[in-house]
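*Asks:* Before anything else, here's the structure in question.
The values are calculated or read from the model by the stated rules, or taken from the named source; none is laboratory data. All values derive from a computational prediction rather than experimental measurement. Cβ: placed from backbone, ideal geometry, glycine included. Neighbour counts: every protein chain shown.
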Protein chains: 2
Amino acid sequence: MPANDTIYSAVKNALVKDGWTITHDPYTVKFGGVRVHADLAAEKVLAAERGSDRIAVEIKSFVGPSPVHDFEEALGQFLLYIALMKRADPTRKLYLAIDSGTHETFFAREAIRVAVEDYAVSRVIVNIEQEEVASWIG
Amino acid sequence: MPANDTIYSAVKNALVKDGWTITHDPYTVKFGGVRVHADLAAEKVLAAERGSDRIAVEIKSFVGPSPVHDFEEALGQFLLYIALMKRADPTRKLYLAIDSGTHETFFAREAIRVAVEDYAVSRVIVNIEQEEVASWIG
């Protein structure tokens, strides 16, 4: 599991390689008296565009002592962003970026799989060493 | 905003005063390779029964430097618990316990209100000084 800064720059580079233009870093959502952005959170979120596609990407490294707690933090931030983006920036789609190792191990556990399905958490899986997008899911 | 331990014992005492019997402290959900319990999380969760009603209560103090980040943590843990309880303990209902001050200020913000509504976060509002349940919502 790579450190925070490593996955952050690897995801950015992977998105650019995949044809995306980074438009906001960090990406901030403002709605109804709350401004949600990277400074307040364990996770960084950026925004990108490719043609007419507009996305936001929450980058999560799962480097804490408890991956379950890391997941809870990531899920809470993801879903708060969804709730606010739905109202403030409704044409942008949110993805959770995770490294391919975490995807193949922690996210393969049934408990995490059902939560990801229940809450429709779209993911972009990134190969950190090669700085390449491995897959988009959901 | 009271400290973690203060709200924790105040919520427990308020539930007992309200006629509940604390049956698990902490309350652990096990499902599909993940055990979610208090040690892994910023928030404590307990279980209680009153007659045929069975509940779990996540206790959240909002004492961190960012209430938005505290909310993301609480929301993520709440929804992971919901996903696992739905499968492992489906007759128990989950509530988020918050103190009445936080309920009247932070939870009154439109951004928090819409997130709480979108994700159907049931809440038990506790008067910490009097150690009494003020209201059940949702």
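*Asks:* Just to verify a result, which residue in the stretch A:9-34, among those that are under 30 Å from residue B:105 (Cβ atoms) and aliphatic (A, V, I, L, M), is surrounded by the most Cβ atoms within 10 Å (Cβ to Cβ)? Full working, then the answer.
*Replies:* Step one: filter the stretch A:9-34 for residues under 30 Å from residue B:105 (Cβ atoms), giving A:24, A:26-34.
Remaining after also requiring aliphatic (A, V, I, L, M): A:29, A:34.
Details: A:29: 24, A:34: 20.
Here the residue is A:29.
*Asks:* Which one is farthest from residue A:68 (Cα to Cα), of the residues in the stretch B:111-129 that are touching a residue at least 40 places away in the same chain (Cβ under 8 Å) and buried (at least 17 other Cβ atoms within 10 Å of the Cβ)?
*Replies:* Only one residue fits best here, namely B:128.
*Asks:* Something else: Among the residues of the stretch B:101-110, are any of a type outside the set (D, E, K, R), surrounded by fewer than 22 Cβ atoms within 10 Å (Cβ to Cβ) and under 13 Å from the mean Cα position of the chain (by Cα)?
*Replies:* Looking for residues that are of a type outside the set (D, E, K, R), surrounded by fewer than 22 Cβ atoms within 10 Å (Cβ to Cβ) and under 13 Å from the mean Cα position of the chain (by Cα), one finds at least one in the stretch B:101-110, hence yes.
*Asks:* Could you say which residue among B:93, B:86, B:60 is among the basic types (Lys, Arg) and either surrounded by 24 or more Cβ atoms within 10 Å (Cβ to Cβ) or on the phi > 0 side of the Ramachandran plot (or both)?
*Replies:* Details: B:93 fails: either surrounded by 24 or more Cβ atoms within 10 Å (Cβ to Cβ) or on the phi > 0 side of the Ramachandran plot (or both); B:86 fails: either surrounded by 24 or more Cβ atoms within 10 Å (Cβ to Cβ) or on the phi > 0 side of the Ramachandran plot (or both).
Answer to the selection: B:60.
*Asks:* Of the residues in the stretch A:54-77, how many are part of a helix (DSSP H, G or I) and more than 8 Å from chain B (Cβ to nearest Cβ)?
*Replies:* The initial filter retains those residues of the stretch A:54-77 that are part of a helix (DSSP H, G or I), namely A:67-77.
Going one step further and asking which of them are more than 8 Å from chain B (Cβ to nearest Cβ), we end up with A:67, A:70.
Looking only at that region, the number is 2.
*Asks:* Considering A:87, A:92, A:54, which residue is of a type in the set (Lys, Arg) and more than 17 Å from residue A:123 (Cα to Cα)?
*Replies:* Selected residue: A:87, the only one of A:87, A:92, A:54 that is of a type in the set (Lys, Arg) and more than 17 Å from residue A:123 (Cα to Cα).
*Asks:* Identify, by number, the condition in (1) surrounded by 15 or more Cβ atoms within 10 Å (Cβ to Cβ); (2) away from chain A (no Cβ under 14 Å); (3) of a type in the set (A, V, I, L, M, F, W, C) that residue B:136 doesn't meet.
*Replies:* Only one criterion in (1) surrounded by 15 or more Cβ atoms within 10 Å (Cβ to Cβ); (2) away from chain A (no Cβ under 14 Å); (3) of a type in the set (A, V, I, L, M, F, W, C) is unmet by residue B:136, namely (1).
*Asks:* Applying the selection to the stretch A:78-103, what residues are more than 8 Å from chain B (Cβ to nearest Cβ) and among the small types (Gly, Ala, Ser)?
*Replies:* A:88, A:97, A:100, A:101
*Asks:* Oh, and also: Within the stretch B:81-116, can you find the residues that are assigned to a helix (DSSP H, G or I), of a type outside the set (A, V, I, L, M) and in contact with a strand residue (DSSP E or B) (Cβ under 8 Å, 6 or more places away or on another chain)? Outline the logic, then answer.
*Replies:* So in the stretch B:81-116, the residues assigned to a helix (DSSP H, G or I) come out as B:81-88, B:100-104, B:106-108, B:110-116.
After this cut, where a residue has to be of a type outside the set (A, V, I, L, M) as well, the list is B:81, B:86-87, B:100-104, B:106-107, B:110, B:113.
Of everything in the stretch B:81-116, those that are assigned to a helix (DSSP H, G or I), of a type outside the set (A, V, I, L, M) and in contact with a strand residue (DSSP E or B) (Cβ under 8 Å, 6 or more places away or on another chain) turn out to be B:81, B:87, B:100, B:103, B:107, B:110.
*Asks:* Kindly provide the set of residues from the stretch B:104-133 that are in contact with a Pro (Cβ under 8 Å, 6 or more places away or on another chain) and within 14 Å of chain A (Cβ to nearest Cβ), ordered by number.
*Replies:* Going through the stretch B:104-133, the residues in contact with a Pro (Cβ under 8 Å, 6 or more places away or on another chain) turn out to be B:106, B:128.
Result: B:106, single match.
*Asks:* Restricting to the stretch B:25-50, what's the tally of residues that are more than 8 Å from chain A (Cβ to nearest Cβ) and modelled with pLDDT of 85 or more?
*Replies:* 11
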